[in-house]
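Written below as C-alpha cells is the structure these notes are about.
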Amino acid sequence: MDNLSPDIQFMRMALREAGQAAAEGEVPCGAVIVLGNAVIGKAHNQTEMLNDPTAHAEILAITQATQAVGNWRLNGAVMYVTKEPCPMCAGALVLSRMKKVVWGMTDPVRGGAVSKFNILNDADLNHAVEVETGLMEEDCKAVMQEFFQNLRQKSKERKNDASRPFFLRSL
C-alpha cells in the first residue's frame, strides 16, 4: 500500500465498490470492513441485481465479515462506507457489535446512524457504535451526484425518444 493513511486507503476501496455499483446500475454505495489491518468484508449495493431490498453494501459486507471470522460478533471491526447507513444498516451495525463506522457523506433525509435517526448510539440498545463522518466526503458525494445526474439524463432521453415515431427511435 502507498503512504496514505489506512483510513484513506480503506475508503478508497469503498469508493471502488461504489463505482462498481454505479456501473451495474445500482445506487453507488460501497462498504469495506476491516479487523486489525485486514479486510474481512467488502461489498456494494446489489438490490436491483439480487431483487432484494436488504442487499445494501453494509449488509452484504457484514455477512462476508461474519463468515470470515466465523462469528456473528464483529468486535473490534471498523466499517468504511461511502454514505451514512440507513436505519436497517445502522441496526445491523449495532447487532453485529461493530466497533466503529466511518462514512463519507451524511444522508440527512434517510440517514439511520445519526442524521435522521440516531440508531448507532441509542441509549436503549445494548451496544453503541463509534462514528466518524466526512472522510473523503467530496469524493463520496461526487460518485452519488454523477450517478443520479446520469439517471435523470437517461430518463429525459427516454421521454424524448418515446415522443418520436417508432422507426426513428434510438435503440
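The values are calculated or read from the model by the stated rules, or taken from the named source; none is laboratory data. Just so it is clear, the structure is predicted and the values come from calculations on it, not from any experiment. Note that we place each Cβ from the backbone using ideal geometry, even for glycine, and neighbour counts take in every protein chain shown. Heads up: the accessible areas ignore ligands, DNA and RNA and are worked out on the full protein's heavy atoms, side chains in. Shrake-Rupley method; radii C 1.70, N 1.55, O 1.52, S 1.80 Å.
Quick look at the values:
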| quantity | calculated |
| --- | --- |
| Hey, G104 outside any helix (DSSP H, G or I), in contact (Cβ under 8 Å) with a residue 60 or more places away in the chain, surrounded by 13 or more Cβ atoms within 10 Å (Cβ to Cβ) and small (G, A, S) or not | yes |
| Close pairs from the range 121-145: first without any contact (Cβ under 8 Å) to a residue 40 or more places away in the chain and more than 14 Å from P85 (Cβ to Cβ), partner open to solvent by less than 70 Å² (accessible area, probe 1.4 Å) and assigned to a loop (DSSP other than H, G, I, E, B), Cβ under 6 Å, at least 6 apart | H127/R97 |
| Evaluation of E84 against (1) touching a residue at least 24 places away in the same chain (Cβ under 8 Å); (2) open to solvent by 60 Å² or more (accessible area, probe 1.4 Å); (3) not polar (S, T, N, Q) (one fails), failing number | (2) |
| Selection count where residues are over 25 Å from R16 (Cα atoms) and out of contact with any helix residue (DSSP H, G or I) (no Cβ under 9 Å at 6 or more places or on another chain), scope the range 96-117 | 1 |
| Complete set of residues in the range 117-147 that are farther than 28 Å from E24 by Cα and aromatic (F, W, Y) | F117 |
| Count of the range 87-119 residues which are touching a His at 6+ places or on another chain (Cβ under 9 Å) and more than 23 Å from M13 (Cα to Cα) | 1 |
| V81 being farther than 16 Å from H56 by Cβ and under 15 Å from the mean Cα position of the chain (by Cα) | no |
| Single residue of the range 118-132 satisfying the filter (of a type in the set (D, E) and touching a helix residue (DSSP H, G or I) at 6+ places or on another chain (Cβ under 9 Å)) that is surrounded by the most Cβ atoms within 10 Å (Cβ to Cβ) | D122 |
| Number of the exception - G70 against (1) open to solvent by 50 Å² or more (accessible area, probe 1.4 Å); (2) on the phi < 0 side of the Ramachandran plot | (2) |
| The range 133-156 - residue that is modelled with pLDDT under 90 and open to solvent by 100 Å² or more (accessible area, probe 1.4 Å) and, of those, nearest to V78 (Cα to Cα) | R152 |
